[in-house]
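K.L.:
Pasting a structure below so you can have a look.
No value in this document is a laboratory result; all are computed from the given coordinates. Given the structure is predicted, the values throughout are model-derived calculations rather than measurements. With ideal geometry, Cβ positions are generated from the backbone for all residues, glycine too; neighbour counts draw on all protein chains shown.
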Amino acid sequence: MENLQYGQLPQEGKFNFEFTDSNVMIDDIVGKNVSKLEFDMQREDWCAPTLQIVRFIDADGNFTDRYAEGKDGVVEFYGGDFTYNYSEESLSAWYTEVPASEVKVEYAPYNTNDFLPIEVENIPEQDFMPGFGTYYRGSLASVGCPSENGWFDVRIKLTDASGNYQEQTLSPAFWIEANVGVAVVNGRITVCGCENPTIEVYSTDGMLLRRVGATSLDASAFGSGIYLVSVTDGSACVVRKVRL
């Protein structure tokens, strides 16, 4: 660790580092940022890619990490595989960058480690060099699993062509529909975040198909298609659209 302070590393071997910053509190929830790096000093390119400027916005471009629905949210970030360059002749230094060979973005209900993919794409006109690198953007519309407190973690991993990588986990990262989640799990419609829920399942034409006072119901008897699920807990009521 003392060597790292001065940029000194051994000239051979594969290195794995994991740094955890637990100095985070959001809405009385303990948060953390976990950084993992792996690189091999024996490779010609041994530098791991770098992730930069992760942020969450709404559909209008306003900075926020809280959304009524997943479709209202967007994650965006910069990153890439940077190379340090130095010219003794001009005594100048600069970085060049190529995009990471693999970009993987995932989400999970807060503190569960049950990660699922988020699709992101590069928007070339937003790339910024010399500066922060390649720009990526993805919708949170695919976030469909339940979360007991409405918060979700995000994990972003950049891997370069040599196999070096950097992975960042933000916990929590964004919030959707606090306290109530509805999902289809192993053929059952399941809700979480409610103490005594009543679940009602409707067809898309409004016909009540089933009502139970429980946190889940067997949906295997329903045919494939779209259904409306109403969850009532006391005076609170939410309606979700699910696909079976």
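K.L.:
Give the relative contact order (percent, whole number) for region 28-138; include only Cα pairs under 8 Å separated by 6+ residues.
P.N.:
On the way: 168 pairs, mean separation 23.2, N = 111.
That works out to 21 percent.
K.L.:
Also: Can you tell me the alpha carbon radius of gyration of region 181-243 divided by the globular rule-of-thumb value 2.2 N^0.38 Å?
P.N.:
Output field value: 1.00.
K.L.:
Can you grab the distance from the C-alpha centre of region 11-60 to the C-alpha centre of region 181-244, Å, no decimals?
P.N.:
Their Cα centres are 38 Å away from one another.
K.L.:
For the chain, what is the relative contact order in percent, using Cα pairs closer than 8 Å and at least 6 residues apart in sequence?
P.N.:
On the way: 585 pairs, mean separation 38.5, N = 244.
Over the chain, the number comes to 16 percent.
K.L.:
Residue farthest toward the positive end of the dipole of the chain, with Cβ of Lys/Arg at +1 and Asp/Glu at -1: which of N111, I189, F63?
P.N.:
I189
K.L.:
Right, another one. Can you give me the Cα centroid spacing of region 68-92 and region 97-145 in angstrom?
P.N.:
Each part reduced to its Cα centre gives a spacing of 12 Å.
K.L.:
When the helix-only estimate is applied to the chain (DSSP H runs of n ≥ 4, each -39,500 (n - 2.57), divided by the residue count), what is the mean residue ellipticity at 222 nm, nearest 500 deg cm²/dmol?
P.N.:
Working: 1 runs with 4 residues, N = 244.
It comes out at 0 deg cm²/dmol, rounded to the nearest 500.
K.L.:
Based on the Cβ-Cβ distance of K241 and N122, what FRET efficiency does E = 1/(1 + (r/R0)^6) give at R0 = 45 Å, to the nearest 0.05? Show your work: numbers first, answer last.
P.N.:
Numbers: r = 31 Å, r/R0 = 0.68.
Step by step, r from the Cβ atoms, then E = 0.90.
K.L.:
Right, next: Using 0.36 nm per residue of separation minus the Cα-Cα distance, give me the extension gain between D60 and Y84 in nm, one decimal.
P.N.:
Numbers: separation 24, 0.36 × 24 = 8.64 nm, distance 3.63 nm.
The D60-Y84 span can extend by a further 5.0 nm.
K.L.:
Provide the gained length on full extension for the span T198 to S101, in nm with one decimal, where the gain is 0.36 nm per separating residue minus the Cα-Cα distance. Numbers along the way, then the final one.
P.N.:
On the way: separation 97, 0.36 × 97 = 34.92 nm, distance 4.75 nm.
So the chain would gain 30.2 nm between T198 and S101.
K.L.:
Here's something else I'd like to know. Under a Cβ-Cβ cut-off of 10 Å, what is the net charge of the residues other than A59 that fall near it, where Lys and Arg count +1 and Asp and Glu count -1? Intermediate values should be presented prior to the final figure.
P.N.:
Values: positive: K71; negative: D58, D60, D72.
Once positives and negatives cancel, what remains is -2.
K.L.:
Just need log10 I(q)/I(0) for the chain at q = 0.08, 0.12 Å⁻¹, Debye formula, equal scatterers on the alpha-carbon atoms, no solvent, rounded to two decimals.
P.N.:
Log-scaled intensity ratios, in q order: -0.42, -0.80.
K.L.:
Let me ask another. Assuming R0 = 35 Å, what is the FRET efficiency of E38 and W94, from their Cβ-Cβ distance, to the nearest 0.05?
P.N.:
Values: r = 26 Å, r/R0 = 0.74.
Efficiency computed from Cβ-Cβ geometry: 0.85.
K.L.:
Rounded to two decimals, what is the ratio between the C-alpha radius of gyration of region 88-134 and 2.2 N^0.38 Å? It would help to have the intermediate numbers written out before the result.
P.N.:
Details: Rg = 17.0 Å, N = 47, 2.2 N^0.38 = 9.5 Å.
Scaled against compact globular proteins, the figure is 1.78.
K.L.:
For region 1-73, would you read off the P(r) tail past 14 Å as a percentage of all alpha carbon pairs?
P.N.:
More than 14 Å apart: 76 percent of the Cα pairs in region 1-73.
K.L.:
To continue, here is another question. Can you give the translational diffusion coefficient of region 2-139 in µm²/s, computed by Stokes-Einstein from the Kirkwood radius over Cα pairs at 25 °C and 0.890 mPa s?
P.N.:
Estimated diffusion coefficient is 138 µm²/s.
K.L.:
Related question: Once the Cβ-Cβ distance between L208 and F17 is put in as r, and R0 is 35 Å, what FRET efficiency do you end up with, to the nearest 0.05?
P.N.:
Working: r = 56 Å, r/R0 = 1.59.
That gives a FRET efficiency of 0.05.
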